[in-house]
Amino acid sequence: MKKEVITKMHTSFEGAAQKNDGVEFWYARDLQELLDYTQWRNFLTVIEKAQTACQNSGQLVEDHFVEVNKKVKVGSGAEREITDFMLTRYACYLIAQNGDPAKEQIAFAQTYFAIQTRKQELIEERLNLMERLQAREKLESTETELSRLIYERGVDNQGFARIRSKGDSALFGGKSTSEMKTQLSLPENRPLADFLPALTIKAKDFAAGITNFNVKKDDLKGERDITKEHVKNNADVRELLVRRNIKPEELPAEEDIRKLERRVNSETKKSLKDVAKLKKPEE
């Protein structure tokens, strides 16, 4: 996510915050707009899922989702009453968790409401961490599909390992998976992708995704033909990166993604441990 986008969203989310008896909250109608939901009924479905998650976490829903009625102008000076909710930071976090993560606004909100101190630089850092975590999860899913596809076409687990290693060699300029681990001083018994930067993880996922598509489209069978396909796709992705002066084998290793995942989860739990509660305002 670009820095200017983060700055704009940060300003918008901060500007929508309200206070009630010292407790920070956001109106659901404002949050609906911030999260780019055009229809209230669709957003209400997300709110209901978040309320269920709140109840399942042992919290009282009414402490975090306070239903209120508001009057809005509808033209010619007339007014009508609409339903709204006052939402704690915890409620907003749950709503973001139940939204569409493909939306930039949702991805931002998931981080914005998950940390106690919402300084922009901390949000930007965490968004970059989350991008890498999500890229790794996506690669794992894509490779699981590839493993299933090729098993159905006569390739066992050892064959899958060879196919993946030859794909890595094509992506990393002739360096095998094992050679890349040695170069980056990584443990041999851990997946290489757990230590790669987000860009390289996405490159591997893109190449594997093309392989999955073509294996199905062309009904490829056997280790030889699938290896040829996977190597070509990785070589093509490498060529694209090199044209942009990026050589995957020259990028440094990053923090162990499993440690990163545990740290992010721990920080989130700590931030949300003592959640503030709202009181329904007097009519």
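Every number here is computed from the coordinates shown, using simple stated rules; none is lab data. Just so it is clear, the structure is predicted and the values come from calculations on it, not from any experiment. When we count neighbours, we look across all protein chains shown, and the Cβ atoms used for this are built from the backbone with ideal geometry, even at glycine.
For segment 129-166, the residues whose amide N sits under 14 Å from a probe point set 7 Å from the Cα of Asp225 along the beta carbon direction are 150-155.
A full extension of the chain between Val5 and Thr45 corresponds to an added length of 11.7 nm, given 0.36 nm per residue minus the alpha carbon distance. Among all stretches of the chain without exposed trypsin sites (Lys or Arg not before Pro) (DSSP loop, at most 12 other Cβ atoms within 10 Å), which one is longest? So the longest stretch without any such site is 120-243. In segment 136-252, the inverse of the mean reciprocal separation of distinct Cα atoms equals 14.1 Å; this is its Kirkwood hydrodynamic radius. FRET efficiency for the Ser165 to Thr83 pair, using the beta carbon distance and R₀ = 41 Å, is estimated at 0.10. Between Asp21 and Asn265, the simple spin-label model (points 7 angstrom out along Cα→Cβ) gives 3.5 nm.
Rounded to the nearest 20, the size of the Cβ-charge dipole of segment 136-252 about its Cα centre is 240 debye, with Lys and Arg at +1 and Asp and Glu at -1. What lysines does Lys70 reach when the alpha-carbon gap must be under 16 Å and sequence neighbours fewer than 8 apart in one chain are set aside? Reachable lysines: Lys280.
Once you have the Cα-Cα distance between Asp274 and Asn189, take 0.36 nm times their residue separation minus that, and quote the gain in nm to one decimal. List each step's numbers first, then the result.
On the way: separation 85, 0.36 × 85 = 30.60 nm, distance 3.90 nm.
Contour length minus the Cα-Cα distance gives 26.7 nm.
When both segment 1-58 and segment 218-283 are represented by their alpha-carbon centers, they are found 25 Å apart.
Against the empirical curve 2.2 N^0.38 Å, the C-alpha radius of gyration of the chain lands at a ratio of 1.26.
Helix content alone sets the calculated 222 nm mean residue ellipticity of the chain: runs of n ≥ 4 DSSP H residues at -39500 (n - 2.57) each, divided across all residues, give -19500 deg cm²/dmol. Evaluated with a Cβ-only charge set (Lys, Arg +1; Asp, Glu -1), the chain carries a dipole of roughly 420 debye about its Cα centre, given to the nearest 20. Students often get this wrong, so check it: of Lys119/Lys273; Lys181/Lys204; Lys8/Lys49; Lys3/Lys175, which have C-alpha atoms separated by over 23 Å? Beyond 23 Å between Cα atoms: Lys8/Lys49; Lys3/Lys175.
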